[in-house]
Each structure stands twice: as C-alpha cells, then as structure tokens.
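Asker: Quick one: this structure, given as structure tokens, is what I'll be asking you about.
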Amino acid sequence: MGNDARPNWDNPRQFVLACVSYAVGLGNVWRFPYLCQKHGGGGFLIPYMIMLFLEGVPLFYLELAIGQKMRLGSIGAWANISPYLGGVGLASVVTSFYLCLYYNIINAWSFWYLFNSFQSVLPWAECPINSNLTGPIEECEKATSTQYFFYRETLNISSSVEVNGGVHMGQALCFLLSWMMTYLFIVKGVKSTGKVVYFTATFPYVVLFIYLIRGFTLHGAFNGVNYMFTPKMEQLANPTTWINAATQIFYSLGLGFGSLIAFASYNEYNNNFERQAIVVSLINSGTSIFASLVTFAIYGFKATFNYENCLERIRVLLLNTFDLAEDSITMDNLSDWMKELGTTYPQQFAELNITSDTCSLNRELDNAAEGPGLAFIMYSEAIKNMPLSQLWSVLYFIMLLLLGVGSMLGNVTAIITPLRDLKFLSNVSGFVCLLCLLLGLGFTTTSGNYWFTIFNDYAASFSLLFIVLIEVVTVSYIYGIKRFEKDIEDMLGHRPNWYWKIMWTIISPLLLISLFIFYIVDYILGGTPTYQAWNKELGESVVMEYPVHCQVFIALLLVSSVSCVPLTALYVFYRKRKYGKLHKTQTVSTVCVH
C-alpha cells in the first residue's frame, strides 16, 4: 500500500500545526460563541464536551489512521479499501471543491476591511454625507454605520438574489489576492505548507490573547463574561441544544472533507497519530472556549455601551421635556426620577412612550449574531468605539485572515492530493486555484452574497454527514474492525483500547444516523427555503423565499456530492462485469485455438 516516493512532513510538529491551522477556523470565532449565547451560556459546554468525546475525537482519529495507513488522498485511500468505495473519496473532493469556491470570499472581505483600517477615521465609524451635503445617507441613517459599510461599501448588495449587477472591482481584486496567496502557500505541497503553518497556526492565538487582555479592560466586559458563565440548565432538556453541539464538533474539526486523510498521508508510517488526534481535538475545542471569552468580553462592552447610550438619551429627554436642571438626573437616580415624573405628570410622561424596560442590558446581551454578522458587523461596531481603534482593527482582521487562510490550505490540499495521486495534471495546484478563482468571481457580484449563503448553508452540511457515516460504517463493518485494529497495531505498536472500538462500532454511527435523519426531516418540514435579503429603504434585512431556480440549485448541491458514492459503485460493478465477461471470452477463445 505504501508509496516510497511520497513526500513527508519535515517533523511531526508540522503535521500537528497543519491540523490545528485547518481545524481552528472562522467557526471557532463566529459560530461557537453564537451557539453558547443561544443555548444557555456555560450550560452549552456540557453537551459540547460530551459530543467531543462521543463523536469528534473518535472520528478524527479514524480519518488520520486511514490517511497514514494508505498514504494516499481520499479517493485512493477508499478505493484501496474497496474499489466500490472510491466514490466516498470523490464525494469528499466534490464537497471540498464547493467549499473552496466560496470560502476565499471571506478572506477577500478580511483583506478589504484590513486595507480600509489604515485611515485616520475608520470608514465604518460614521455614516457618509449624502450628495446634497445636508446630512447622512438615508440608508446608513436607517441602519447603522457598520451595517452600511458591510452591505453597501463591501458587498454593494442587491435587493434580492434575483437582482444581479456587475462585479465589485474592489472585492474582485481582494479575491484575486486571496487566491494568489493560497497558491503560493500550497505550490510546493507539504514542503511549502509545512513552513506556512508555523505562522497561520500560532499568530491567531497571539492576537486572541492580546484581545483577551484588552477586552477585559473594556468598560462592561465582565457583563458579557458573566452572561457566558451563567448557565441556563433548562436548555439541556432542549434536543436542539444537543444537535447543535454535535454538528458544531463535527464541522469544527473538518471531518469528511478529505483534508485530514490528505494531511495524514504525508506522515511517517509509524507516526503516533493517536496522541495527535487527541491533542488537536482538545486544542480545537479549547480555542472555541478561549475565543468565546474574547467574544463575550466584546459583547459585554458593546451591550453596556448601547445600554448606557439608551439611558443617556432618556435622561436628556426627561431634562428637556420637564425643564429640569442639568445635574438633577444622573444614571444612578434615573429610575427613581422616572417613577416620580410618571406619578406627578402621568399624561405628559405617557406621551414620551418610555418605560423601565425601554433600556435593557439583558436584551442587548441576548441579541445573538453569527457568521459575517458577528465577524464583520458586531466586532466592527465594538472596535470603532475603542481607543486606538485602527490598531485593534488591523490586529483583528489579520487574525481573521490567517484563520481563513489556514482552513483554505486544508481545503485545497483535500482536492490536490488525490488528483496528484491520480497524476491528473503536472501543475494540479495552479489548475485548481485558477478554476476556483474564475468560478468564484460570481460571489463578488451584487447578488454574490446571497449565493454565498446558499453554498454556506447547503453545499457541505448534508453531504459531510453522509460521507462520515459511510466512512465509519465501512471501517467497522466492511473493512472490519479487527483488520483495522491490526493496521493500527502495525503503525503504533499497540491496538486501540475499548473506548475507540465502542465509539467506532456503536456510538458514533448511531449519533451520525440520528443527525442525518434530523437533517432530512428538518429540511422537509422546513417548507420553502428562505434567506435574509437587505432592504436599503428599511435599512435592515428582511426574510424572503428562494425563487424556484435557487431551490433547484440547492437540491443539486445536496445531491451532487452524495450521488458520487452510488454512481462510482455502479460504475465499478459495470466495469467488473463487462471486463469479467471479456476475460472469460478470451480464455475460451485461447483454449479453442489450442
């Protein structure tokens, strides 16, 4: 099975850093804190850690073992186990290809924000003036300056997925820069990637640590941290909490894409991947918790800032309405004054339409955001209110860029490794990067963000569940758990213990089947798929249904990668049957001649 000419990592540390750089990505920063906020703060850590050990670590271990044993990319590795299973690797390649098409647009946004951070005043700090010079642009005034900068300046977004326009040249250039950087980092395979990961895997932690220290010094930061660590234990009775914990572990570790198999295929045959699987999984989950501390400190600062601004507006309103002395009402006695004025001047006070609940710190903290909304809007809003905001902006978007680049290295490696094994092209790295660049330019158009959302929501989730389910069932029941144990013993010098075997044969397959069924039922019962469209007249996002052609495209995305598994199996079966008959005919003819 081995390939003697195959290049190797310079040392095991490079492999671990490559896995960390790949697994620790944007989801740790913008998805996990959102789930923590949504599902009971610290209480969410209980199902999350349980799912890590029931599902995450065992499946991570399994993929590393397959890659290191077979020393091939995903297609070759699964075809080696059984020719009928080559489609599993092909499905991984197709899924990684879909991810590569749209993932680099996030890095393009990071570049855009990074370049715009080098200004005396951050461009999202205040609304631009309208053409008449009479006040702020109406769209920005109705939204916020950070929303306006993201939706109008960064995306120049259209009103719906059906309304298309030209390419945003600034975004297209940033997208080109993202792909040029990706190509330079993977052009020499593991020899170049192995050097780059020393930086992409470590520098984000430096920035996170700096942000943690700065975040804890911000006014109101501990309101957010207390919110995170105040568990709402009733959320543990909610099945959705457990499902989201399982899916977050699954996607955060990057299972099913073929990247882990590709990375492990460059290991020395006797490398201790068991220890590395545990270490990388724990680092990944630890980073999620660490990033949440930073995020909730920023949440607390932003929520406290908005809450106190709200109180200040009410204070000024009361002073002006009731003609009171400037220093008579303070933040500390505001609620007492509201009660007194409401009792003394009930009709006049009622016309102001304010209550004790008008300003609420908890409501501000409950405003959950995820994805680009968290990374590019909420963080930008907090950064603009910090002293030395340009410095914090540069640091943040460099970190975001490195997290995205690190994940891209794994995504592209998942494609080019099996293609190199098949000797598809002499310069397969250049071909893959150029193809993804050209096809991905559609995401830089005015409707591109809506297509980004389609790919982000539907291109990988369903197929990855299916791929990893087939992987674990294949290893446990087709390849055989006893045979797999012997392979591991051959590499490590000992067999896996009872924990790994129970997870692979019983627990992980049952969990994956449950998630798979839930996904299908949720998709069917969910009705017509919807998306958030930006309405510039209202200055906010509105829910719209996807048109028919988008629904058809979603269905094709869901089916295209999954169908690789049965179609490849049928193709192999047909070839074997055809050439088996041909071989028999040739044998009979030879006997007749003699």
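Asker: With a 1.4 Å probe and all protein chains left in place, how much of the accessible area of region 291-445 comes from carbon and sulfur atoms, in whole percent?
Answerer: Looking at region 291-445 in its full context, I get 56 percent from C and S.
Asker: Moving to a separate point now. Taking the alpha-carbon centroid of each part, what is the distance from region 439-493 to region 119-190 in angstrom?
Answerer: 32
Asker: Something else now. Please name which of Ala291, Leu525, Gly76 has its Cα lying farthest along the dipole of the chain towards the positive end, using unit charges on Cβ (Lys, Arg +1; Asp, Glu -1) and the Cα centre as origin.
Answerer: Projecting each Cα onto the dipole axis, the largest value belongs to Gly76.
Asker: Given Tyr269, Asn456, Gly442, which one lies farthest toward the positive end of the charge dipole of region 14-586, if we put +1 on the Cβ of every Lys and Arg and -1 on the Cβ of every Asp and Glu?
Answerer: Farthest along the dipole direction, towards plus: Tyr269.
Asker: With a 1.4 Å probe and all protein chains left in place, how much of the accessible area of region 106-159 comes from carbon and sulfur atoms, in whole percent? It would help to have the intermediate numbers written out before the result.
Answerer: Values: 1300 of 2500 Å².
With neighbouring chains kept in place, the figure for region 106-159 is 52 percent.
Asker: Of the listed peptides 34-47, 215-228, what is their order by residue-averaged count of other C-beta atoms within 10 Å, with the highest listed first?
Answerer: With the highest mean Cβ count within 10 Å placed first, the list reads 34-47, 215-228.
Asker: Treating the beta-carbon of each Lys and Arg as +1 and of each Asp and Glu as -1, no other charges, what is the dipole magnitude of region 14-586 about its Cα centre, to the nearest 20 debye?
Answerer: Numbers: 32 positive and 36 negative charges, 722 e Å.
The dipole of region 14-586 has a size of about 3460 debye.
Asker: Greater than 22 Å separation of Cα atoms is the criterion. Which listed pairs, Lys423/Lys578; Lys501/Lys576; Lys69/Lys423, meet it?
Answerer: Lys423/Lys578; Lys501/Lys576, as the Cα separations exceed 22 Å there.
Asker: Sticking with this one: Tell me the per residue accessible area of the chain using a 1.4 Å probe; a whole number in Å² is fine.
Answerer: Each residue of the chain exposes 43 Å² on average to a 1.4 Å probe.
Asker: Using mean Cβ contacts within 10 Å as the protection proxy, how do 99-109, 424-434 order, highest first?
Answerer: 99-109, 424-434
Asker: Nearest 500 deg cm²/dmol is fine: what mean residue ellipticity at 222 nm does the chain get from its DSSP H runs of n ≥ 4 alone, each adding -39,500 (n - 2.57), divided by its residue count? Working shown, then result.
Answerer: Values: 29 runs with 393 residues, N = 594.
The helix-only estimate for the chain comes to -21000 deg cm²/dmol at 222 nm.
Asker: If you don't mind, there's one more thing I want to ask. Taking +1 at the Cβ of each Lys and Arg and -1 at the Cβ of each Asp and Glu, which of Pro387, Tyr571, Trp500 sits farthest along the dipole of region 14-586 towards its positive end, judged by Cα position relative to the Cα centre?
Answerer: Of the listed residues, the answer is Tyr571.
Asker: What value does region 14-586 have for Rg/Rh, both radii from Cα atoms and Rh as Kirkwood defines it?
Answerer: For region 14-586, the value is 1.02.
Asker: For region 361-457, treating each Cα as an identical point scatterer without solvent, what Debye log10 I(q)/I(0) comes out at q = 0.11 1/Å?
Answerer: Debye output, listed in q order: -0.54.
Asker: Hey, another quick one. Using per-residue counts of other Cβ atoms within 10 Å, averaged over each peptide, order 168-176, 74-82, 446-454, 494-502 from highest down.
Answerer: Result, highest mean first: 74-82, 446-454, 168-176, 494-502.
Asker: I've got another one for you. Name the lysines eligible as straight-distance cross-link partners of Lys232: C-alpha to C-alpha under 30 Å, and not fewer than 8 places from it in the same chain.
Answerer: Lys38, Lys302
The values are calculated or read from the model by the stated rules, or taken from the named source; none is laboratory data. Source: prediction; values computed, not measured. Note that we place each Cβ from the backbone using ideal geometry, even for glycine, and neighbour counts take in every protein chain shown. The accessibility values were calculated without ligands, DNA or RNA, using every heavy atom of the protein model including side chains. Shrake-Rupley method; radii C 1.70, N 1.55, O 1.52, S 1.80 Å.
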